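> Just passing along the structure, written as structure tokens.
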Amino acid sequence: MEPFDPAELPELLKLYYRRLFPYAQYYRWLNYGGVVKNYFQHREFSFTLKDDIYIRYQSFNNQSDLEKEMQKMNPYKIDIGAVYSHRPNQHNTVKLGAFQAQEKELVFDIDMTDYDDVRRCCSSADICSKCWTLMTMAIRIIDRALKEDFGFKHRLWVYSGRRGVHCWVCDESVRKLSSAVRSGIVEYLSLVKGGQDVKKKVHLSENVHPFVRKSISIIKKYFEGYALVGQDILENKESWDKILALVPETMHNDLQQNFQKHHSSLQRWEYLKKAASQCPSNIKNEKCGPWLEWEIMLQYCFPRLDINVSKGINHLLKSPFSVHPKTGRISVPIDLQKVDQFDPFAVPTISSICHELDAIFTSEAEKEENQAESDIKHRTRDYKKTSLAPYVKVFEQFLENLDKSRKGELLKKSGTMRETKMNYTKMNSLPCLPAYWKY
């Protein structure tokens, strides 16, 4: 893959926004079938330009307006905000207090840096294939709950371009949720609580909630390969002391002695499980048996959500198909059928797709230059000739499902209306019955 050089970004962005950005699909998503008047026009976009110049409250009339502005500004980053009561670009002309965020997708932001206390391979902005499994587990756990526990149908998962993932829940009813309801949903999905000073961040009650049980089942599929082999969480005294901080003190001496006798994290974990099943259950406020094992697994593997991103309707979130200015990687949709196979290092960079395009069109460069600016159709197909194509296809499948669902709802509504109308007509066409028939 073509190495990314941040110094080339301004020129690469010009080509990307002119030839490769999937405008038609993007507009189709945020317009939601044009069912609600001015829905797209009242949506806030925010652009971050070169040298961290930040422009909020951008809004556009249609796809063409959006394209022109993006090709003029060539933003380093695009954020999407709420749908407001008025056009965001006219917010200064609206009287104080009248400009209000009304709707937005329910969004989730999961960032690898929030796991720094439990991952041993990397820290800060760095990621590797070992710790990426944390994101795989997060997607599996959160997506299952959104689908099965809440019944949300339209969930778009997107790679952030560097060290995390985002989720956009786009069901019509979800976009209308209040901040309080959004907070309740995030609270339901949160288990790991406490800052850097809190050692034990997971506390299970005796009756384990079905959501937690199902999450543990997902973690179990990955735990050995990820935590015990990949992260080697019981490799030495320094690493196992972190785990001992999560178990009752009465077990410490026994575990310290026996951990030294075993030679791998796998063996030590087996011993810990055995010791937990034998510890006296009358220790005040302490869990033993499987609860102890589960609390450790959850602390090391359970998703860590940024609550503020999800609960605020007016909170901005990085847009799909935005470019990460540090890595050059595109924020691409993730195929939920292939979550385990998703490789962040295989995601195309802006350099790689621009060079792919150059290679294909070198001989046609002059011809392309002379083409009319209005020839959008040809330009928007250019991505199909690059490694961005499969990711746009995932996005299109998501949009297809949104469209089907919307058409289904409209049919249902029109069917109900027709039925009501027919019943009303039938009632009015019945002959008048004599008064004594009532008795």
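The values are calculated or read from the model by the stated rules, or taken from the named source; none is laboratory data. Only a predicted model underlies this, so the values are computations on that prediction, with no experimental measurement involved. Don't worry about glycine lacking a Cβ; one is built from the backbone with ideal geometry, like all the others, and counts go over all protein chains shown. Accessible surface is based on the protein model in full, side chains and every heavy atom, while ligands, DNA and RNA are left aside. Shrake-Rupley method; radii C 1.70, N 1.55, O 1.52, S 1.80 Å.
> In what order, largest first, do MET112, MET73 sit by accessible area if the probe radius is 1.4 Å?
Accessible-area ranking of MET112, MET73, largest first: MET73, MET112.
> Can I ask one more? Give me the distance in nm between label points sitting 7 Å out from Cα along the Cα-to-Cβ direction at LEU96 and ASN401, one decimal.
Placing both labels 7 Å along Cα→Cβ, they lie 4.6 nm apart.
> Place a +1 charge on the Cβ of each Lys and Arg in segment 204-362 and a -1 charge on the Cβ of each Asp and Glu, then give the dipole magnitude about the Cα centre in debye, rounded to the nearest 20. Walk me through the numbers on the way to the answer.
On the way: 18 positive and 18 negative charges, 73 e Å.
In debye, rounded to 20, segment 204-362 gives about 360.
> If I model a spin label at GLU224 and ASN38 as a point 7 Å from the Cα along the Cα→Cβ vector, what separation in nanometres do I get?
6.0
> Here is a further query. Just name one of CYS279, ILE330, LEU410: the one whose Cα is farthest towards the positive end of the charge dipole of the chain (beta-carbon charges, Lys/Arg +1, Asp/Glu -1).
Of the options given, the answer is LEU410.
> Still on this model: Which residues in segment 3-22 have a backbone N closer than 17 Å to a point placed 7 Å from the Cα of LYS50 along the Cα-to-Cβ line?
5-18
> If you put +1 on each Lys and Arg Cβ and -1 on each Asp and Glu Cβ, how big is the dipole of the chain around its Cα centre, in Debye rounded to 20? Could you put the intermediate results ahead of the total?
Numbers: 65 positive and 56 negative charges, 394 e Å.
Dipole of the chain, to the nearest 20 debye: 1900 debye.
> Here's a follow-up. With mean projected area of the Cα convex hull in nm² in mind, check [x] 22.9; [y] 42.9; [z] 33.3 and report the label derived from this structure.
Only one option fits the structure, namely [z].
> How large is ³J(HN,Hα) for each residue in segment 165-171, as worked out from phi by the Karplus curve 6.51 cos²θ - 1.76 cosθ + 1.60 (θ = phi - 60°), to whole Hz, x for Gly and Pro?
Going residue by residue, I get 9, 10, 10, 10, 9, 10, 3 Hz, with x marking Gly and Pro.
> In whole angstrom, note down how far apart the Cα centers of segment 380-399 and segment 110-161 are.
Comparing the Cα centres of segment 380-399 and segment 110-161, I get a distance of 23 Å.
> Here is a follow-up. Could you tell me how far the Cα centroid of segment 1-71 sits from the Cα centroid of segment 245-262, in Å?
If we compute the Cα centre of each part, the gap is 55 Å.
> In degrees between 0 and 90, to the nearest 10, how far off the longest principal axis of the chain does helix 289-301 point, with axes built from Cα atoms?
Taking the Cα atoms of the chain, the angle to 289-301 is about 50 degrees.
> Given H placed on each backbone N at 1.01 Å, which residues far from LEU106 in sequence or on other chains put an amide H within less than 5 Å of it?
Result for LEU106 returns VAL169.
> Round to the nearest 10 and give me the degree value, 0 to 90, for the angle of helix 210-223's Cα axis relative to the longest principal axis of the chain.
Rounded to the nearest ten degrees, it is 70.
> Let me ask another. Taking the simple approach of a point 7 Å from Cα along Cα-to-Cβ for both ALA125 and LEU411, what is their distance in nm?
It is 4.9 nm.
> Return one number: the angle in degrees, 0 to 90 and rounded to the nearest 10, between the long axis of the Cα atoms of helix 63-73 and the longest principal axis of the Cα atoms of the chain.
That helix lies at roughly 60 degrees to the long axis.
> On the protein heavy atoms, probe 1.4 angstrom, tell me the percent of accessible surface of the chain carried by carbon and sulfur. It would help to have the intermediate numbers written out before the result.
Numbers: 11410 of 22560 Å².
Percent of accessible area from carbon and sulfur atoms in the chain: 51.
> HN-Hα J couplings of segment 342-353 from phi, Karplus 6.51/-1.76/1.60, θ = phi - 60°, integer Hz, Gly and Pro as x?
Running phi through 6.51 cos²θ - 1.76 cosθ + 1.60 with θ = phi - 60° gives 5, 10, x, 7, 9, 5, x, 9, 4, 4, 5, 6 Hz.
> Over segment 99-229, with the other protein chains present, what is the accessible area per residue in square angstrom, probe 1.4 angstrom?
Details: 5600 Å² over 131 residues.
Averaged over the residues of segment 99-229, the accessible area is 43 Å².
> Please build a GNM for the chain, connecting alpha carbons under 10 Å apart, and tell me which residue among ASN74, ASN92, ASN61 fluctuates the most.
Of ASN74, ASN92, ASN61, the Gaussian network model singles out ASN92 as fluctuating most.
> Ignoring everything except DSSP H segments at least 4 long, calculate the 222 nm mean residue ellipticity for the chain; use -39,500 (n - 2.57) per segment, divide by total residues, nearest 500. Each step should come with its number before you reach the end.
Details: 16 runs with 184 residues, N = 439.
Computed ellipticity for the chain at 222 nm equals -13000 deg cm²/dmol.
> Here's something else I'd like to know. Could you point to the residue in MET70, PHE4, PHE45 farthest towards the positive end of the chain's charge dipole, with +1 and -1 charges on the Cβ of Lys/Arg and Asp/Glu respectively?
Final value for the positive-end residue is PHE45.
> Using a 7 Å offset from Cα along Cα-Cβ at SER85, what residues in segment 177-191 end up with backbone N under 20 Å from the label point?
Only 177-181 pass the distance filter.
> Oh, and also: Averaged per residue, what accessible area in Å² does segment 1-76 show with a 1.4 Å probe, protein chains only?
Values: 3480 Å² over 76 residues.
Here the residues of segment 1-76 average 46 Å² of exposed surface.
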